[in-house]
Amino acid sequence: MAGEQLQVLNALDVAKTQWYHFTAIIIAGMGFFTDAYDLFCISLVTKLLGRLYYHVDGAAKPGTLPPNVSAAVNGVALCGTLAGQLFFGWLGDKLGRKKVYGLTLLLMIICSVASGLSFGHSAKSVMATLCFFRFWLGFGIGGDYPLSATIMSEYANKKTRGAFIAAVFAMQGFGILAGGVFAIIASTAFRAKYDAPAYEVDPLGSTVPQADYLWRIVLMVGAIPAALTYYWRMKMPETARYTALVAKNAKQAATDMSKVLQVDIEAEQSKIEKLTQGEAGGFGLFTKQFLQRHGLHLLGTTSTWFLLDIAFYSQNLFQKDIFSAIGWIPGAKTMNAIEEVFWIARAQTLIALCSTVPGYWFTVAFIDRMGRFAIQLMGFAFMTIFMFALAIPYDHWTHKENRIGFVVVYSLTFFFANFGPNATTFVVPAEIFPARLRSTCHGISAAAGKLGAIVGAFGFLYLAQNQDKTKVDAGYPAGIGVRNSLILLGVVNFLGLLFTFLVPESKGKSLEEMSGENEEAAEEEARS
C-alpha cells in the first residue's frame with residue numbers, strides 16, 4: 001500500500017542520513033546517558049552508606065545496610081521507573097511526544113539534586129528521604145524510555161532506523177562508564193585530602209565525616225548532563241507521525257519536516273483524513289481489533305523484555321562477590337571508606353569498558369544488516385550457553401586458579417546481553433505498533449522489563465543465599481545457593497529465546513507497514 005503513504009512520512013522513510021538524525025540521537029541519547037548514570041551510580045555508594053550510617057562499635061567488619069534498607073535504596077528507583085514508563089508512555093500518545101519530553105528531564109534534574117541533599121539527623125531519616133527522591137527520579141527516567149524510543153523511530157529513515165534507536169539506547173553504556181569514572185576521580189580527590197587508616201586499624205577513624213559529601217556529590221552530578229540537554233529538547237519539533245496520524249494536522253507536519261529535511265513537502269489533509277477515518281483508524285488498546293492485530297506482538301515484546309531483565313539485573317548481584325573473589329576489590333576491613341568507593345568504581349568501570357559498552361555498539365553496527373530477530377535470538381542463545389557454563393561446573397570456578405576464566409565467561413554473558421536482547425527489546429516496540437498507541441505499547445513493554453528487573457534484583461538476592469543457614473549474609477534466610485540460581489537464570493534465558501519467535505522482524509520496513517496502518521486505511525476504504 002505504498003501509494004497510501006503520506007508524502008511527509010515517505011520523505012522521512014527515504015531521507016538520507018543527515019545532521020538532524022545525529023542531533024536527535026544526541027538529544028535523546030543524553031537522556032539515556034543520564035538515566036544510566038542515575039540508576040547505576042547508587043551501587044557505587046551503597047557500601048559507603050552502610051559504613052556511614054550503620055557502623056557498629058566493636059564489629060569485626062564495617063557497617064553495611066540492613067537487607068530491607070539495601071533493597072529499598074537499590075530498588076525504589078526501579079519501582080519509580082516502572083510507574084513512569086506506564087504513565088509517560090500513555091501521556092506521550094495523549095499529549096504528544098514533545099510536550100511530555102521536557103517534563104521527564106526536569107523531573108530527573110530536580111530529583112538528582114534532591115537525592116544528594118537527602119537530609120535528617122538519623123540513619124532512618126536520611127535513607128527515607130533518599131528513597132523518596134530516588135523513586136521520583138526513577139519516575140522521570142521511566143518516561144524517557146518510551147518517549148526517546150518513539151521519537152527516534154518516528155524521526156529515522158527505513159534503512160538505518162534500527163541503528164539510530166540502538167544508538168540512543170547505547171548511550172546507557174557511556175552513562176554507566178561515566179558514573180564509574182566520576183566516582184574514581186571524586187574518591188581519589190577525597191583520599192588525597194582526607195587520608196584515613198584501614199577499618200582493621202581504626203574502625204571509627206576509617207570513615208572520615210567528610211565521606212558524607214562524597215556519595216552526595218556522586219548522586220548530584222547526574223543532574224548536569226540532563227540540564228545541558230533541556231534547551232535542545234524544547235527546540236525539537238513534534239514528530240511528523242504524531243502530528244499527521246494522531247493530531248491529524250497535515251499542514252503542521254509538512255511545515256515541521258520541510259524545515260528539518262530542507263525539502264518542500266506538500267500538506268495532504270484529505271489523505272490524512274482518509275488514512276485515519278472510521279473505526280479501523282481509531283481502535284484502542286483494549287479492543288478486539290488490537291488483540292487480533294497486535295496481541296501476540298505485545299505478548300512477545302513484554303515477555304522477552306521481562307525475561308531478559310530478570311537475567312540482566314540479577315547478574316549485577318554477583319559482581320561484588322566476583323570482584324572480591326578475584327582480588328579486584330580487597331577485603332572491606334583492609335580499606336577505609338573512601339578507598340572502598342574507589343575500588344568498587346574501578347571494577348564497575350572495567351566491566352563497562354570491556355563488555356557493556358562494546359556490546360551496545362556491536363548492536364548499532366549490525367542491527368540493520370542482521371535484523372532484530374537474529375540478534376535477539378543469538379543473544380539469548382549465548383546467554384543461555386554461558387549461564388549453564390558458569391552453573392554446571394560451578395565448583396570448578398570457585399578454585400582460585402580458575403577465577404579469571406569465570407570472569408571471562410561472566411563478561412561474555414554481559415556482552416551478548418547488550419549485543420542481543422538488551423538492545424533489541426528496546427528497539428522493536430518502537431517500530432511495530434500504530435502511531436496512536438506506539439508510546440503506550442513501548443511503555444507497557446518497558447514496564448514489563450522493569451518488573452523483571454525487580455524480580456531479578458530482589459528475588460535472586462534471597463535465592464542466591466547459601467543453603468547452609470550458618471553461611472548466609474546477615475539478616476537473610478537460607479536460599480538455593482549461587483549454582484542453582486545460575487541454573488535458574490539459564491532456564492530464564494532459554495524461555496526468552498522461545499518467546500522471541502512472537503516478535504516480528506521490522507528491518508527495512510516503514511513504520512506504517514509494520515503497524516498495519518496502511519492496511520487499516522485500505523480496508524476502511526474498501527468498506528465505504
Alpha carbon convex hull of the stretch 83-133, volume per residue in cubic angstrom: 62
Intensity falloff of the stretch 41-190 expressed as log10 I(q)/I(0), Debye formula with alpha-carbon point scatterers, at q = 0.08, 0.11, 0.12, 0.15 Å⁻¹: -0.30, -0.54, -0.62, -0.88
The chain: calculated mean residue ellipticity at 222 nm from DSSP helix runs of at least 4, using -39500 (n - 2.57): -23500 deg cm²/dmol
Charge sum, other residues only, whose C-beta stays under 13 Å from SER445's C-beta, Lys/Arg counted +1 and Asp/Glu -1: 0
Accessible surface, 1.4 Å probe, highest first, among residues ARG216, ARG97: ARG216, ARG97
The stretch 328-410 shape via C-alpha gyration tensor axes, a/c threshold 1.5: oblate
Probe 1.4 Å, protein heavy atoms only - accessible area per residue of the chain in square angstrom: 39
Distance between modelled label sites at ASN68 and TRP19, nm, 7 Å Cα→Cβ extension: 5.8
Shape of the stretch 343-386, Cα gyration tensor, a/c cut at 1.5: oblate
C-alpha long axis of helix 97-116 to longest principal axis of the chain, angle in °: 10
Over the stretch 296-449, volume per residue of the alpha carbon convex hull, in Å³: 125
Relative contact order (%) - the chain, alpha-carbon pairs under 8 angstrom, separation at least six: 24
Fully extended contour minus Cα-Cα distance, from HIS121 to VAL491, at 0.36 nm per residue: 128.6 nm
Where only alpha carbons of the stretch 19-74 are counted, the Rg and the Dmax (Å): 18.2, 62
Cα gyration tensor of the chain - equivalent ellipsoid semi-axes, whole Å, descending: 44, 25, 19
Pair MET234, TYR394: separation of 7 Å Cα→Cβ label points (nm): 5.3
In Å², nearest 10: area of GLU268 left accessible to a 1.4 Å probe: 30
The chain, dipole about Cα centre (Lys/Arg Cβ +1, Asp/Glu Cβ -1), debye to the nearest 20: 560
Three principal axis lengths of the stretch 34-116 [C-alpha, angstrom, descending]: 58, 21, 16
Around PRO62: net Lys/Arg minus Asp/Glu count, Cβ-Cβ under 9 Å: +3
Dipole in debye (nearest 20) - the stretch 382-461, about Cα centre, beta carbon charges: Lys, Arg +1; Asp, Glu -1: 260
Mean shadow area of the stretch 425-509 over all directions, Cα convex hull, nm²: 7.0
List TRP397, TRP215, TRP232, TRP328, ordered by accessible area with a 1.4 Å probe, largest first: TRP232, TRP328, TRP397, TRP215
Within the stretch 108-131, backbone nitrogen closer than 16 Å to the virtual label 7 Å beyond the Cα of ARG216 toward Cβ: 111-131
Cα gyration tensor category, rounded, prolate or oblate, for the stretch 396-474 with a/c compared to 1.5: oblate
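The values are calculated or read from the model by the stated rules, or taken from the named source; none is laboratory data. Note that the structure is predicted; figures quoted are calculated from it, not measured. Cβ sites come from the backbone with ideal geometry, for glycine too, and all protein chains shown count toward neighbours. SASA here: full protein model, heavy atoms, side chains in, ligands and nucleic acids out. Shrake-Rupley method; radii C 1.70, N 1.55, O 1.52, S 1.80 Å.
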